[in-house]
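The following block contains the structure, expressed as structure tokens.
The values are calculated or read from the model by the stated rules, or taken from the named source; none is laboratory data. All values derive from a computational prediction rather than experimental measurement. Methodologically, a virtual Cβ is constructed for each residue, glycine included, from the backbone with ideal geometry; neighbour enumeration extends over all protein chains shown. Heavy atoms of the whole protein, side chains included, go into the accessibility calculation; ligands, DNA and RNA do not. Shrake-Rupley method; radii C 1.70, N 1.55, O 1.52, S 1.80 Å.
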Amino acid sequence: TTDYASKLAPVRLEARLGEERKDVIHDTLALPAASRCHFSHDAPCQKACPTGIDVGRFIWDVAAGNVRGAARTILSANVFGMTCARVCPTPSLCQGSCVLQYAGRRPVDIPGLQLFAVSRAREAGYDPFETKPASGKRVALVGSGPASLACAHALALEGHHCTVFEARQMPGGLATFALAPYKLTCEQALADVEWVSRHENIEVRCGVAVGLHVDVSDILEEYDALFVGVGLGADTRLQIEGHALPGVVGALELIERLKLESADEVEDLDEVTDAMVIGGGATALDVAQELKRLGIRNVTILYRRDREQMPGHDHELDEARRRGVAVRFLSMPTSYVAGPSGRVAGVQVARCELGECGSDGRRTVSVVEGDETSLEAQLVAVAIGQKRPG
């Protein structure tokens, strides 16, 4: 297995956070945590899990001391159970459906118990999967994110040989490069990637771009099937005045730099006192929290609709606000202003108002003419979605 983590910069900005990370529950706490579960017959927590993990069953196994059984239940439904335990918005999913909440009690720590079960089983060298005899079939997969690797793992268990082509020098896609480090560090992401891809029927070729280093026609001739899992493209930018100024960056681009580059490579962050984040989704909330954790004094989210229309999860917005992130609803940037150095120094922000629902079911947005505010910003992170590749 390739040690991808050894290729990371030794001192990255994510290492400067100095904050607690969601880590494995201590062994002595696992049993009491699992014993709080009521093991409901219709298990609303399981119904709320997008990957269909039998939550009650794996918690029952933890409570009974059967850690391997718990890991088998989790990984059989979701081979990236370790990563999802750290990054899934569980307060809006399984944990948010825990029946204890209806009695006014704290919900069971489902993600913590999931992380405990999988990590302890792996430390013991346990692998719950059996591989069928070699089928003689070969499958090519483009991209090495969670979708491609989960697909490759399922195919490998069926006896098919899988070759994963990854244009970057490290695998993992979204997990490695685009999830905020306070949720998932590079080491944590790569550990899960390496565990999933270590199967003898899986070969990961990094630094190989399909269409550049290898032709699609050659792949179709050499392989029996092709899976394309390239994810979304680059950050979408607002094409307003000043959009190309230094200091105006895409949100995912910024997250990747925080995760991969050394501290002195991410220019001028130490000099930023005011940062703006444009958008209202999960990525916007992630970037805002990350910047606040890095010690930036004033971090403000600008969102053009109201709270009711905001797609970000309530618990993540509440956490961002608790950390001091300001949120300006019904606010839209109309231009970025350059400072004496040529970098962005401010944002012109217009007040918005909502109209009737459009064809997408969301209320339309219009700018209130003549109602603009000038805000200082030495960094602007744009989190309004990604372009579709091609």
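Starting from the coordinates of the alpha-carbon atoms of the chain, obtain the Kirkwood hydrodynamic radius over all distinct pairs and give the value in Å to one decimal.
22.9
In what order, largest first, do 25, 59 sit by accessible area if the probe radius is 1.4 Å?
The ordering from most to least exposed comes out as 25, 59.
Can you give the FRET efficiency for residue 239 and residue 209, using 1/(1 + (r/R0)^6), R0 = 22 Å, r = Cβ-Cβ distance, to the nearest 0.05?
0.20
Moving on to the next point. Calculate the translational D of segment 217-291 in whole µm² s⁻¹ from Stokes-Einstein, where the hydrodynamic radius comes from the Kirkwood formula applied to all Cα pairs, the temperature is 10 °C and the viscosity 1.306 mPa s.
Stokes-Einstein gives a translational diffusion coefficient of 103 µm²/s.
With a sphere of radius 14 Å drawn around the Cβ of residue 163, what net charge do the other residues whose Cβ falls strictly inside it have (Lys, Arg +1; Asp, Glu -1)?
That works out to -4.
What whole-number value in cubic angstrom gives the convex hull volume per residue for the C-alpha atoms of segment 149-280?
154
Please report how far the C-alpha centroid of segment 99-147 lies from that of segment 36-69, rounded to the nearest whole angstrom.
13
Please give the direction-averaged projected area of the C-alpha convex hull for segment 100-183, in square nanometres with one decimal.
8.6
Relative contact order for the chain using alpha-carbon pairs under 8 Å, separation at least 6, rounded to a whole percent?
15
Working with all protein chains in place, sort 123, 372 by solvent-accessible area computed with a 1.4 Å probe, largest first.
Descending order: 123, 372.
Pull out the extension gain between residue 100 and residue 47, defined as 0.36 nm times the separation in residues minus the alpha carbon to alpha carbon distance; nm, one decimal.
Answer, rounded to one decimal: 17.5 nm.
Over 27 Å between C-alpha atoms is what I'm after, so list which of 259/387; 7/183; 47/259 land there.
47/259
If amide H atoms are built 1.01 Å from N in the plane of the peptide, which residues on other chains or at least 5 residues away come under 5 Å of the amide H of residue 363?
Excluding prolines and chain starts, which carry no amide H, the hits are 358.
Roughly how many Å² is the accessible area per residue of segment 94-226, as a whole number, for a 1.4 Å probe?
42
Would you please calculate the Kirkwood hydrodynamic radius of segment 237-390 over all C-alpha pairs and express it in Å, rounded to one decimal?
About 15.9 Å, per the Kirkwood formula over Cα pairs.
How would you classify segment 188-260 from its alpha-carbon gyration tensor, with a ≥ b ≥ c the square roots of the eigenvalues: rounded for a/c under 1.5, else prolate if a/b is greater than b/c, otherwise oblate?
oblate
Ordering 60, 195 by how much accessible area each has at a 1.4 Å probe, largest first, what is the list?
Most to least solvent-accessible, the answer reads 60, 195.
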